[in-house]
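**Student:** Below are the structure tokens for one structure; questions will follow.
The values are calculated or read from the model by the stated rules, or taken from the named source; none is laboratory data. As the structure is a prediction and not an experimental result, all values here were calculated from the model. Cβ: placed from backbone, ideal geometry, glycine included. Neighbour counts: every protein chain shown. To get the accessible areas, we keep the full protein, side chains included, count just its heavy atoms, and leave off ligands, DNA and RNA. Shrake-Rupley method; radii C 1.70, N 1.55, O 1.52, S 1.80 Å.
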Amino acid sequence: MEDSQSHFSKDSGSLLRHSNKEHKFTDHSYPTGKIQVIGDIFQFTLDVSEFSPEEVIVTSSNNLIEVRAEKLGEDGSVTNTFSHQCKLPSDVEPSSVSMSIESKGVLTVRAHRI
């Protein structure tokens with residue numbers, strides 16, 4: 001089973017586990033993530049609505065997707081941070097990873113399964 005882990009500066013962390021079922025995480029006042037396998041697509045979504053798209057950075061290395069965000073105050077101090085890591089299942093094609101951010105601040109990462 002593949003693991004996915006979240007760390008939040010303002011909230012307690014969540015441990016996400018990959019399976020063929022849809023997961024919704026409601027430990028927080030808003031959903032923090034959802035992992036789905038839909039046919040040949042692996043997908044996870046994250047609520048990054050507290051950040052502008054320019055404040056969100058997504059990196060990928062060795063089947064590990066990392067999402068980081070940092071909000072700066074007017075004085076340049078860090079006022080909010082977000083970090084999420086998701087290990088892609090071994091049957092996912094790493095070169096097929098794509099991402100998008102909806103206007104409501106939902107980041108979606110998709111990859112094709114082999």
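**Student:** Of everything in region 82-97 that's open to solvent by 30 Å² or more (accessible area, probe 1.4 Å) and under 12 Å from the mean Cα position of the chain (by Cα), which residue is farthest from Pro53 (Cα to Cα)?
**Tutor:** Lys87
**Student:** Go through (1) in contact with a helix residue (DSSP H, G or I) (Cβ under 7 Å, 6 or more places away or on another chain); (2) on the phi > 0 side of the Ramachandran plot one by one and return the number of the condition Gly76 breaks.
**Tutor:** For Gly76, the failing item is (1).
**Student:** Being surrounded by 12 or more Cβ atoms within 10 Å (Cβ to Cβ) and acidic (Asp, Glu) is the filter here, so list the residues in region 49-73 that pass it.
**Tutor:** Glu50, Glu55, Glu66, Glu70 - these are the residues of region 49-73 that are surrounded by 12 or more Cβ atoms within 10 Å (Cβ to Cβ) and acidic (Asp, Glu).
**Student:** Hey, could you check region 98-114 for residues that are of a type in the set (Val, Ile, Thr) and closer than 13 Å to Phe44 by Cβ and say which is most open to solvent (accessible area, probe 1.4 Å)?
**Tutor:** So, considering only residues that are of a type in the set (Val, Ile, Thr) and closer than 13 Å to Phe44 by Cβ, the one most open to solvent (accessible area, probe 1.4 Å) is Val106.
**Student:** Same structure again: For Gly76, work out the one condition from (1) modelled with pLDDT of 90 or more; (2) within 20 Å of Ile35 (Cα to Cα); (3) loosely packed, with under 15 Cβ neighbours inside 10 Å it doesn't fulfil.
**Tutor:** Here Gly76 meets the rest and fails (2).
**Student:** Between a first residue in region 89-100 that is closer than 22 Å to Ile57 by Cβ and a second residue that is modelled with pLDDT under 90, which pairs have beta carbons less than 6 Å apart while being 6 or more apart in sequence or on different chains?
**Tutor:** These pairs meet every condition: Pro94/Asn63; Val97/Ser60.
**Student:** So which residues in region 20-70 are at pLDDT 90 or above, of a type outside the set (Asp, Glu) and either touching a helix residue (DSSP H, G or I) at 6+ places or on another chain (Cβ under 6 Å) or not in a strand (DSSP E or B) (or both)?
**Tutor:** Gly39, Val48, Ser49, Phe51, Ser52, Pro53, Ala69
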